[in-house]
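Engineer: Just passing along the structure, written as structure tokens.
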Amino acid sequence: MSDETKKKVETPDFEKLAVTTAPGKFNKLITIILTAICIVLAAFIIYRMVTTESNAPLAVPVADNAIAAVNVSAEPAEIRTFSKISRLNGEVTRSGSSIAVYPEITSTGTVTEILVSKGDTVNTGDIVAYIDPSRPGASYKASPVTAKASGIVSDIPVAVGQTVSASQPIITIVGTSDLVVEASIPEKFLGTIAEGMSATMEAVAYPGREYTGTLTYIAPTVDTASRTSDIEIRFAGDTTGLKEGMYIRLNLETEHIDNALIIPDSALDTYLGDEIVYLVDGNTARRTIVTTGSTNGVDTVITSGLTEGDMVITAGNVTDGTSINVVNQEN
């Protein structure tokens, strides 16, 4: 056998072998690998599903028509004293009457001297001025003008050199009685006030300083133009710093009711023309018609529809039958 023949016999044809044998073995290997991958993926998916479900919270079925309760605030209807305060303007004055002092002359005269000033205190018999009653061509001694009462000089309507008559006042004296506050009160309050009611006051000159007093006089008539009536407040305590003529801000108790059934204004509402409140009935709001009396802007008197201790809703958007959760409840 020649060398060339030996080479042909002993050397395999790799290209031919690859074509005839590789495809079957390669496909089998691919199938095994893909199958293993699928098994691993399936196992991983099953594991994830099991662990996720075991950690998930239990689901609670919720009805489609379930409505959450509304948070509300509530306070009880209380029996206590009701007070209404009205704010008025007044002026410090004295309770004594004014007295005018006239010259003791027969006809006319000239004011030659004034011995007092406004605000001075005088006593009965003190000389306050001099009047010269002389006529042209005659000379007379100046005539003194004397105080006819003790008090404080409130006015001097004449001046030195002025000619006056016997009917013209020279000074005005106000008695040294206690300081009071004079004010006017609207006609609508006359049915609710009475002598003896208390008042607090503040002078513009002393902001923050409070004075107290008592209503001591109510005029028997009403001014037809202003529809007001005059009242007088007598100071009940210290009047340091107050002077006649000062402007006063007055807080007067214009209504006082003992043992009144009271609820906060915030509890009131209206429904179809009626005044109503919403009561706490367990976990439900219940609409109730009420009849109201006086109000002071904070509290309202209830004359019918409620009893002491009824819990009225003061805050929260509710209607009749609303489910509620009471928070900040005041007992």
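Engineer: If I go through the range 97-156 residue by residue, how many of them are closer than 30 Å to Glu244 by Cα and either touching a helix residue (DSSP H, G or I) at 6+ places or on another chain (Cβ under 7 Å) or not in a strand (DSSP E or B) (or both)?
Structural biologist: Residues that pass the stated criteria total 19.
Engineer: Can you pull out the residues in the range 97-113 that are more than 49 Å from the chain's Cα centre (by Cα) and under 18 Å from Ala149 (Cβ atoms)?
Structural biologist: Val101, Tyr102, Pro103, Glu104
Engineer: If you take just the strands (runs of 3 or more DSSP E) that sit entirely in the range 204-322, which of them hold at least 2 residues that are in contact (Cβ under 8 Å) with a residue 24 or more places away in the chain?
Structural biologist: Answer list for the range 204-322: 210-218, 228-235, 247-264, 274-281, 284-289, 291-295, 299-304, 311-315.
Engineer: Moving to a separate point now. Tally the residues that are more than 22 Å from Tyr211 (Cα to Cα), surrounded by 14 or more Cβ atoms within 10 Å (Cβ to Cβ) and of a type in the set (Ser, Thr, Tyr), restricting the search to the range 147-201.
Structural biologist: Number of matching residues: 4.
Engineer: Let me ask something additional. Please work out if Ser229 is buried (at least 16 other Cβ atoms within 10 Å of the Cβ) and over 30 Å from Leu179 (Cβ atoms).
Structural biologist: no
Engineer: Taking the range 157-166 as the region of interest, how many residues are assigned to a loop (DSSP other than H, G, I, E, B), modelled with pLDDT of 90 or more and hydrophobic (A, V, I, L, M, F, W, C)? Even if it seems obvious, please write down each step before you answer.
Structural biologist: Our first condition is that a residue be assigned to a loop (DSSP other than H, G, I, E, B); within the range 157-166, this holds for 157-162, 166.
With the extra rule that they be modelled with pLDDT of 90 or more, the set shrinks to 157-162.
This time we only want the ones that are hydrophobic (A, V, I, L, M, F, W, C), so: 158-160.
So the answer is 3.
Engineer: Related question: Quick check on the range 170-206: of everything there that is of a type in the set (S, T, N, Q) and within 23 Å of the chain's Cα centre (by Cα), which residue is farthest from Thr112 (Cα to Cα)?
Structural biologist: Of the residues in the range 170-206, the ones of a type in the set (S, T, N, Q) are 172, 176-177, 184, 192, 198, 200.
Checking the rest, the ones that are also within 23 Å of the chain's Cα centre (by Cα) come to 192, 198, 200.
On the way: Thr192: 55, Ser198: 49, Thr200: 47 Å.
Applying the filter and picking the extreme gives Thr192.
Engineer: Evaluate the range 167-178: report whether one residue or more is at pLDDT 90 or above, part of a loop (DSSP other than H, G, I, E, B) and over 30 Å from Ser134 (Cα atoms).
Structural biologist: The answer is no, given that none of the residues of the range 167-178 is at pLDDT 90 or above, part of a loop (DSSP other than H, G, I, E, B) and over 30 Å from Ser134 (Cα atoms).
The values are calculated or read from the model by the stated rules, or taken from the named source; none is laboratory data. All of these numbers come straight from a predicted model, not from anything done at the bench. Neighbour counts run over all protein chains shown; Cβ positions are idealised from the backbone, glycine included.
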